Amino acid sequence: MDQATKRIAAHFTGQTRFVDDIDKPANTLFGYIVKSEIAYGKIESINIKQAKTVEGVCAILSWRDIPGKNSMGAVFDDEPVLAEDYVEFIGQAVLLIAAESKKAAVEAASRVEIVIKEMNPLLDIEESFAKKRFPFDPLHIVSGDVNSGFKNSDFVIEGELNIGGQEHFYLETNGAISIPKADGTLLVYSSTQNPSENQLIISHALNIESSKIEVVTDVIGGGFGGKETQSNWCAVWSSLLAVNCNRPVSMVLDRREDMLITGKRHPVKVNYKAGFNKNGRINSYSSRFLFDVGFSADLSRSIIERALLHLDNSYYIPAVKSDLYPCQTNRSSNTAFRGFGAPQAIAVIEYIMDEISGKTGIDQAEVRRRNLYGKRVRNRAPYGQMIKDNILGDLYSELMDSSDYRERVKQIKEFNSRSQWKKRGISVVPVKFGISFTTTFLNQGAALVNLYKDGSLALHQGGVEMGQGLYDKIIEIASREFGIVKEAVRICSTNTMVIPNTSATAASTGSDINGHAIKLAIDSLKERLTAFASNLYGIDIADLVWENSTVYSRKKADVRHPLPELIQKAYLARVSLSEQAYYKTPGIHFDREISRGEPFYYYVCGISMSEVEVDFLTGSHTVQRTDIVHDAGESIDPLIDKGQIEGAFIQCLGWTTMEELIYNDKGLLLTAGPDSYKIPGIADIPKEFRISLYKYNPFKDGILKSRAVGEPPFIYGLSVWLAIKQAICSFNSGHLPLDLPATKERILNSAYSYEE
Ligand code: MTE
Ligand code: HPA
Ligand code: MOS
């Protein structure tokens, strides 16, 4: 069995070692945070006398004990490692404790006396907006003239949509183990999407150079964006304690802590206005987005920027104007989550498509078709990028045919006319998702490949495996390009000492950026060995074939030389067996000041259709069938890509129909555990789930002609929400607002209230 297969087998049998499963040195201490129980207030006094008397307590640290900078903000310096004068959300870290056992640490924490003068927390985004509590400048985009667009429209609609947040619910919570070494360096095992940033933030807090901090990340139990920046926290906290005590410190959050203190997907309140014609075509779209960013900026600027770049989804809109405001609140800091702002923006335009269908009486799928970007005209996005290689129309046709749409619409009408309490609805949702970090400089990666004398190959690259199949794709790329059997290839943990200055594994770019770097390194290594092999075996370079760990001439395919033999000989002849490479995504740029540019290397497109049945006595629903046609290019591993599509769809179904974050009026998250926060389970999978991979995208410059897959399919889950909306319309024949998530309560409320 090759390493990739063994890894997957181990993963599915629960043998993958997450941070908390690593064998710790015998003298490892338990790290713990003392958290604020108040959402907003001034710290008046802290008394740790009683806490220090607890047996086994080794250190209790406040911000005054931080040797370097008291800041762990990823982009802005607005996020203290430990609270100084003020606390700004419930769960904020005030003190750190290291103790011999968890029991001792928890006991000590309970004896800490913190006096906080409580102040009124800011919890409402409208209020935050009115007070202009923006941690950074709002974002704007204008393209075309929206006012004349409205004037020239047959219909103009206005509305408000409230979109909820979402907890990441990765299998493995945030955690890190920090081990001080005798030479003053630090070894940190971290569950992170971003080892290089962990390293940098630790170096700032400890006031030592990055080169002295080695962050190692093996397979993590999911990240979904939640470990892009906020994994910095445990890494920094455990490191501060470890250096202070000069002993290893392990700090792994339990589920409640993780849910309480880490940020979520941004809740958004949107006011929109859209003008369109009787033929269903949209002319003009203006909107105001209020993003609940939480207490600090974190990645919110980039997230709001990606929302701005996805206001259009797959549709050509002649005139667009949008103002997007970052509204500070006294809650944990909202952060990256699969889709990175795009899902909220796309939800709005899809909602509008549904409204257009309702007002014009044109079928919802047909409305969408009429608005899709064109191939030669109507093909420029509001921010100026041309939509090249546009396959949206092809995807649409394929879905319509393979799903038997027309016939099913008839059947649904028929069903709904017969059934009083159960109604069915169907909805189509396409996606066009921009691939690249919009922060252009992040689009870079590096790799190191090492051959050993026995002919086996080790790969190092900057990406993190979080369940998305990155390692398997990287191994596949190396094995195919080098012509070596997978059994002889190993991929190593991500390590900041081997591949420096990496970007987060995020923006769905992991396999593309790191895969390209691996390919470049393999190409150079192979080129050097090709010259050597050509000499050694007397084969023309043009005729040399590398395949299945053998080298041969295509003119004499029966004489094959084993790769290990070639490598051994190359070593003896003093040919270097190691190669490093660097890759940056070509041709992208974006001007933030004017919201114009070509921020994306390419777009991943696709289209989904879901049919639901809603029970109007209970508010519950089932997904009868979902069809997806997804733009996968020449997939490196179709099973992995299908898994990503299924997972992303279900994750969005959770966001849009059941996952609800509820806070009390003091700002305490009441749904901080699986007992009160419901994520989808096995029974929520569509009864029929048909996914097909579309291979024919003309753009072939993705790694091995593949395409990014991680985030775009998240959007497909919106089809369930809008199918529910359609079912409600059949029930009460009105078009009423349906906020997101469409929980049972919301469905019933929308079903039994009538427009006057
Ligand atoms: N799939 C699994 N199983 N676990 C994850 O944490 N994260 C998603 C997606 N798929 C995630 C996942 C997110 S948010 C991103 S950006 C991509 O994977 C990152 O990996 P990639 O760039 O290698 O696709
Ligand atoms: N996506 C995900 N993470 C990011 C991005 C992005 O576009 N920009 C900065 N971090
Ligand atoms: Mo994904 S939200 O870009 O980690």
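Computed from point charges on the beta carbon alone (+1 for Lys and Arg, -1 for Asp and Glu), the dipole magnitude for the chain about its Cα centre is near 1160 Debye. At full extension, ASN535 and MET497 could sit 10.1 nm farther apart than now, given 0.36 nm per residue minus the alpha carbon distance. Cα centroids of region 174-248 and region 101-126: 24 Å apart. Listed by chain and number, the aspartates and glutamates placed with their C-alpha closer than 12 angstrom to that of LYS584 are ASP512; residues fewer than eight positions away on the same chain are left out.
Report the calculated FRET efficiency for SER211 and LYS42 (r = Cβ-Cβ distance, R0 = 45 Å), to the nearest 0.05. After rounding to 0.05, the efficiency reads 0.70. Note on the chain: dipole from Cβ charges, positive end direction compared against GLY515, SER110, SER503; the farthest Cα belongs to GLY515.
Classify region 444-584: rounded, prolate or oblate, from the alpha-carbon gyration tensor (a ≥ b ≥ c, eigenvalue square roots; a/c under 1.5 rounded; otherwise prolate if a/b is larger than b/c)?
On the way: a/c = 2.29, a/b = 2.00, b/c = 1.15.
Verdict is prolate for region 444-584.
Rolling a 1.4 Å probe over the protein heavy atoms of the chain, with every protein chain left in place, gives an accessible area that is 49 percent carbon and sulfur. The distance from the alpha carbon centre of region 643-679 to that of region 553-601 is 42 Å, rounded to a whole number. Which residues in region 322-359 have a backbone N closer than 17 Å to a point placed 7 Å from the Cα of PHE134 along the Cα-to-Cβ line? Once the point is set 7 Å along Cα→Cβ of PHE134, 322-329 turn out to lie under 17 Å by backbone N, inside region 322-359. Helical content alone sets the calculated 222 nm signal of the chain at -9500 deg cm²/dmol, taking -39,500 (n - 2.57) per DSSP H segment of four or more residues and averaging over every residue. Residues in region 347-364 near a label at ASP154, defined as backbone nitrogen under 11 Å from the 7 Å Cα→Cβ point? Counting only backbone N, you get 359-362. Which of rounded, prolate, oblate describes the chain, given a ≥ b ≥ c as roots of the alpha-carbon gyration tensor eigenvalues and a/c under 1.5 marking rounded, otherwise prolate only if a/b is larger than b/c? Oblate, because a/c is 1.5 or more while a/b does not exceed b/c.
Projecting the Cα atoms of GLY294, SER524, ILE645 onto the dipole axis of the chain, where Lys and Arg carry +1 and Asp and Glu carry -1 at the beta carbon, places SER524 farthest toward the positive end. Please give the per residue accessible area of the chain, computed with a probe of 1.4 Å over protein heavy atoms only, in Å². So the chain comes to 38 Å² accessible per residue, rounded to a whole number. In terms of packing, defined here as the mean over residues of other Cβ atoms within 10 angstrom, the peptides 385-396, 95-106 line up highest first as 95-106, 385-396. The distance separating the Cα centre of region 474-493 from that of region 250-265 comes to 36 Å. Checking the cross-link pairs LYS375/LYS700; LYS42/LYS132; LYS6/LYS695; LYS526/LYS569 against a 20 Å limit on the alpha carbon distance flags LYS42/LYS132; LYS6/LYS695 as lying beyond it. Straight-line cross-link reach from LYS422 at under 30 Å between alpha-carbon atoms covers these lysines, not counting any fewer than eight positions away in the same chain: LYS359, LYS410, LYS413, LYS678, LYS687, LYS725, LYS744.
Dipole of region 74-226 computed with +1 at Lys/Arg Cβ and -1 at Asp/Glu Cβ about the Cα centre; of TYR170, VAL216, PHE129, farthest Cα towards the positive end is VAL216.
May I ask you to order 273-280, 181-188, 198-205 by the average number of other C-beta atoms within 10 Å around their residues, highest value first?
Ranked from most to least packed, the peptides come out as 198-205, 273-280, 181-188.
The values are calculated or read from the model by the stated rules, or taken from the named source; none is laboratory data. Quick caveat: nothing in here was measured; it's all calculated off a predicted structure. Positions of Cβ are backbone-derived with ideal geometry, glycine not excepted, and every protein chain shown enters the neighbour counts. When the accessible area is computed, the model is the full protein with side chains, heavy atoms only, and any ligands, DNA or RNA have been set aside. Shrake-Rupley method; radii C 1.70, N 1.55, O 1.52, S 1.80 Å.
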